[in-house]
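Asks: Okay, here's the structure, questions in a sec.
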Amino acid sequence: MAKATSKTSNLTPKKVADSKTVMTELIMPNDTNPMSHLMGGYLMRWMDIVSAICAGKHCESHVVTAAVDHISFQNPIYLGDVITLEASVTRAFNTSVEIYVEVFANNIKGQQPRRCNHAYFTFVALDDKKKNPVQVPPVLPLSNEEQQLFDSAARRRELRLILSGRIKPKDATLLRQFFTDL
Ligand SMILES: CC(C)(COP(=O)(O)OP(=O)(O)OC[C@H]1O[C@@H](n2cnc3c(N)ncnc32)[C@H](O)[C@@H]1OP(=O)(O)O)[C@@H](O)C(=O)NCCC(=O)NCCS
């Protein structure tokens, strides 16, 4: 059972840039629905893959997807578009890490750039037997944006642990503090 608070790891902290992962795909006919838009499920698959690679690099271990925060589709992606998926670690807890993934699209000429999606994925690091969760290295945020994502990650973690029934709302101290301070 998850704890509301997470232990501090003894491992050496790693920079966000050390595991940042970028993936590019060309949208082909097989990837689209009858309107020639990219199927949402295919996009989610690529988001899962790029995030898993990022998490694996940060944790230097096998990882499994434990949770995906809500994904909304802001702009359609069309047949023939080129999409770029960028995944970065925001924060590490005890055996889990949160990865932020953003999806951008443009046409093959590099025109009409659009930011299409973003989501937060949670991965759990596993030992070499791919069985038991293992401790993960902390994240060392450097820029202001990295620091903001790092700080807010602890609140997002509490929310997803409540929604998955792993902690009780009364134990979500950071979230309660956040709303009290508004
Ligand atoms: C994810 C999984 C390894 C967790 O196993 P578990 O026995 O519940 O392990 P624990 O209770 O020790 O939790 C391990 C970590 O997972 C986190 N976790 C588990 N479920 C979570 C959820 N729904 N949301 C966010 N974090 C979650 C816990 O908070 C804990 O993180 P922490 O150590 O950083 O605090 C296990 O549920 C599993 O194997 N699930 C299937 C994964 C899978 O098949 N994914 C899709 C294909 S890759």
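Asks: Which residues, counting only those in region 28-72, are under 14 Å from T122 (Cα atoms), among the β-branched types (V, I, T) and not in a loop (DSSP other than H, G, I, E, B)?
Replies: I49, V50, I53, V63, V64, T65, V68, listed by residue number.
Asks: While we're looking at this one, here's another question. Among the residues in region 36-47, are any among the aromatic types (F, W, Y), surrounded by 21 or more Cβ atoms within 10 Å (Cβ to Cβ) and under 14 Å from the mean Cα position of the chain (by Cα)?
Replies: Keep residues of region 36-47 that are among the aromatic types (F, W, Y), which gives 42, 46.
Retained after the next criterion (residues that are surrounded by 21 or more Cβ atoms within 10 Å (Cβ to Cβ)): none.
There is no residue in region 36-47 that is among the aromatic types (F, W, Y), surrounded by 21 or more Cβ atoms within 10 Å (Cβ to Cβ) and under 14 Å from the mean Cα position of the chain (by Cα).
Asks: So which residues in region 16-45 are within 22 Å of S88 (Cα to Cα) and touching an Asp or Glu at 6+ places or on another chain (Cβ under 6 Å)?
Replies: Hits for region 16-45 are V16, V22, Y42.
Asks: I would also like to ask the following. Evaluate region 103-118: report whether one residue or more is in contact (Cβ under 8 Å) with a residue 12 or more places away in the chain, farther than 30 Å from M39 by Cβ and more than 18 Å from the chain's Cα centre (by Cα).
Replies: Taking every residue of region 103-118 in turn, none turns out to be in contact (Cβ under 8 Å) with a residue 12 or more places away in the chain, farther than 30 Å from M39 by Cβ and more than 18 Å from the chain's Cα centre (by Cα).
Read-outs: derived from the displayed coordinates by stated rules, not from any lab. Keep in mind that what you see is a predicted model, and the values were worked out from it rather than measured. Cβ: placed from backbone, ideal geometry, glycine included. Neighbour counts: every protein chain shown.
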